[in-house]
1. Residue under question is A:LEU277, and the condition is that it be in contact (Cβ under 8 Å) with a residue 12 or more places away in the chain and in a helix (DSSP H, G or I); does it hold?
2. Residues being within 22 Å of B:LYS42 (Cα to Cα), without any contact (Cβ under 8 Å) to a residue 24 or more places away in the chain and more than 8 Å from chain A (Cβ to nearest Cβ): count how many of those fall in the range C:63-93.
3. Those residues that are outside any helix (DSSP H, G or I), of a type in the set (A, V, I, L, M) and under 25 Å from B:ARG113 (Cα atoms), I need them from the range C:43-101; list them, please.
4. Answer with yes or no whether B:GLY110 is within 9 Å of another protein chain (Cβ to nearest Cβ) and at pLDDT below 85.
5. Can you tell me which residue within the range A:176-199, out of those that are facing another protein chain (nearest Cβ under 9 Å) and of a type in the set (A, V, I, L, M, F, W, C), is nearest to the chain's Cα centre (by Cα)?
6. Report whether or not A:PHE42 is surrounded by 18 or more Cβ atoms within 10 Å (Cβ to Cβ) and free of Cβ contacts under 8 Å to residues at least 12 places away in the same chain.
7. Within the range C:23-42, which residues are within 19 Å of C:ARG85 (Cα to Cα) and outside any helix (DSSP H, G or I)?
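The values are calculated or read from the model by the stated rules, or taken from the named source; none is laboratory data. Remember, it's a predicted structure, so these values are computed and weren't measured experimentally. Cβ placement follows ideal geometry from the backbone for every residue including glycine, while neighbour counts extend to all protein chains displayed.
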Amino acid sequence: MPEHDTGGTLGTPEQEVAGFLRRRSEQIAQRWADEPLFRTVFTVSRDEAVEAGKVVADALAQVAGTQRVEDPDAAGFTGVREQLARMGAARSRAGLSATQVSSELAALLPPVENLLVADLEGVEPERLRECSTALSVLMGTLRLVAMQTALSEVQALTDRQRLQLLEVATPVIKLWDGIVAVPLIGTLDSARSQVVMETLLEAVVDQHARFAILDITGVPTVDSLVAQHLMKTVAAARLMGAECVVSGIRPAIAQTIVHLGLDLGTVKTRASLADALGYCLHELGANIVNAAPDGAGRR
Amino acid sequence: MHTGAGVEARLPIRSDMDLVWVRQHVRQAAAGLGFGLVDQTKLVTAASELARNTLVHGGGGLMEASHVTTGGTDGLRLTFSDTGPGIPDLDRALSDGYTSGGGLGMGLGGARRLVHDFAVESAPGSGTTVRVTSWVSRPPRPREDA
Amino acid sequence: MSEGFSRPVAGHVPVLRLGDVLLVTLQGDLHDTMAHQLQQDLSETIARSRVRGVVIDISGVEMVDSFLGRVLAEIAAQTELLAARTVVAGMRPAVAITLVELGLTLPGLRTALTTEAALELLAQPIVPSRAGGVREESP
């Protein structure tokens, strides 16, 4: 067993706790391995649970050693975030609520506290109290880190799903050789506009499309933000050597645009998707024969 | 704040060749942290603008890159500092079309639109420090322009 | 970005002559001195020989900042003065999005999707309203 400075003058209480965690990491891990949080997650063998416990104890020792027991962003936690996330996720899958997981994490404190009291036997009561406080703050922070990590996993999942939804909701249709179109349905927010822009421009490259039509028939309202996004898309397409036409400007939207004094500037607009297609075909040099009186018009 | 491998760097900005190294480092660091292609390009372009400012207006300086995290999101922070004459009128320097040499006057104001967070400290005679941060796969920052 | 990270190129950018058109292919990361050198080389070549147009293929360029943007705009303006036209071809989507976000829409610049489209464009007589594949904004 390593030497223990019985004088209890190992610097600050945090440093003392760090020393204790390092000395006793094996024992701490042994006790934790019996706690539900470790026992039910690491099911291959008890050794696996002990190993995982040691990693956590070492991380805690590192955090305590840097005097940052209250800081969930302390560098020492970096290494265990992933493991904590896995443990949290495993417990959630087992049907536990966030509160239940949290109390399982809280249950990790008492065994360590008992060991601390035993380890620091003979130390002044005042000092022991300080160390014990530092330890419980540290364990509280660990709980915070674990919950934070679990929540950010959920957030990441939501973000991924949202992104997938955005992509699904943005189909690019090839209308003709050299003409692609995106029918937009629903509200255009900043994130969606970004996806629309990227998707459309990628399609322009892939399809060698000289024309791209953004059809906004299904967009309920056009405000200055949407107008700005439309203009950006048009400008980016132009830089790539393609022309972007905005179609489907319903009378109500046209009215709003005028009312708001929005300047669509150099954006080429057409009333309907058919009109836009007609314009693009004409520009490509394709002649439309036998056009109905109110069919696809020529500019 | 955590540190990531292959991201941390201090690069000198003394010549236009150094600008190339700055861009390449930012590109690699951003790709390594999982930035998408468009976001990588935005960040590299912002870095190029800011590094050129440091070179042209600050008489050379330094770029520091670091990996930052907040609530589990990774980010790349770039700090450009010089000990040059400083910027006398920050508001004007941040407005589009303002330029005091070279470029199309898109330097600071343009770079600000390409990143999520942007902070600049400068005083006449005491140099300029510009710190920008972008986060991986976060929706673009809310529009602040009028 | 198939070829990985760009390496810095040194010296001159090669300028290829195809009949009465000059073809310049930019690749990787161009440093400022080289961009300036190219600008100078081009105007000299155009002035020396009768050239109808310049095609600058930037499909291999991963980033255009305001400096390179300005160089491209200046090359276009210069060739115009020398009675020729410049077409910038193959700008990548990420580059175009970034330029627009930066605030550089380069309104006077002729653009094309590919080098072939650019050559086609230069083969057409100058009729501003009917220029396929190219948008020129009227001021």
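1. Values: in contact (Cβ under 8 Å) with a residue 12 or more places away in the chain: yes; in a helix (DSSP H, G or I): yes.
For A:LEU277, the condition - in contact (Cβ under 8 Å) with a residue 12 or more places away in the chain and in a helix (DSSP H, G or I) - is met.
2. Taking the range C:63-93 and keeping what is within 22 Å of B:LYS42 (Cα to Cα), we get C:63-73, C:88-93.
Cutting the leftovers down to without any contact (Cβ under 8 Å) to a residue 24 or more places away in the chain gives us C:70, C:93.
With more than 8 Å from chain A (Cβ to nearest Cβ) added as a condition, the list becomes C:70.
Total satisfying the criteria: 1.
3. From the range C:43-101, those outside any helix (DSSP H, G or I) are C:49-65, C:82-92; that's our starting set.
Now drop any that are not of a type in the set (A, V, I, L, M), which leaves C:51, C:54-56, C:58, C:61, C:63-64, C:82-84, C:87-89, C:91.
Passing the criteria: C:ILE58, C:VAL61, C:MET63, C:VAL64, C:VAL88, C:MET91.
4. Numbers: within 9 Å of another protein chain (Cβ to nearest Cβ): yes; at pLDDT below 85: no.
Taking the combined requirement at face value, the residue does not satisfy it.
5. Selected residue: A:ALA191.
6. For A:PHE42, the condition - surrounded by 18 or more Cβ atoms within 10 Å (Cβ to Cβ) and free of Cβ contacts under 8 Å to residues at least 12 places away in the same chain - is met.
7. Within the range C:23-42, C:LEU23, C:VAL24, C:THR25, C:LEU26 qualify.
Conditions (1) in a helix (DSSP H, G or I); (2) more than 28 Å from the chain's Cα centre (by Cα); (3) surrounded by fewer than 20 Cβ atoms within 10 Å (Cβ to Cβ); (4) not basic (Lys, Arg), marked per residue:
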residue	(1), (2), (3), (4)
A:ALA49	yes, yes, no, yes
A:LEU60	yes, no, no, yes
A:THR78	yes, no, yes, yes
A:GLU82	yes, no, yes, yes
A:ARG91	yes, no, no, no
A:LEU96	no, no, yes, yes
A:GLU104	yes, no, no, yes
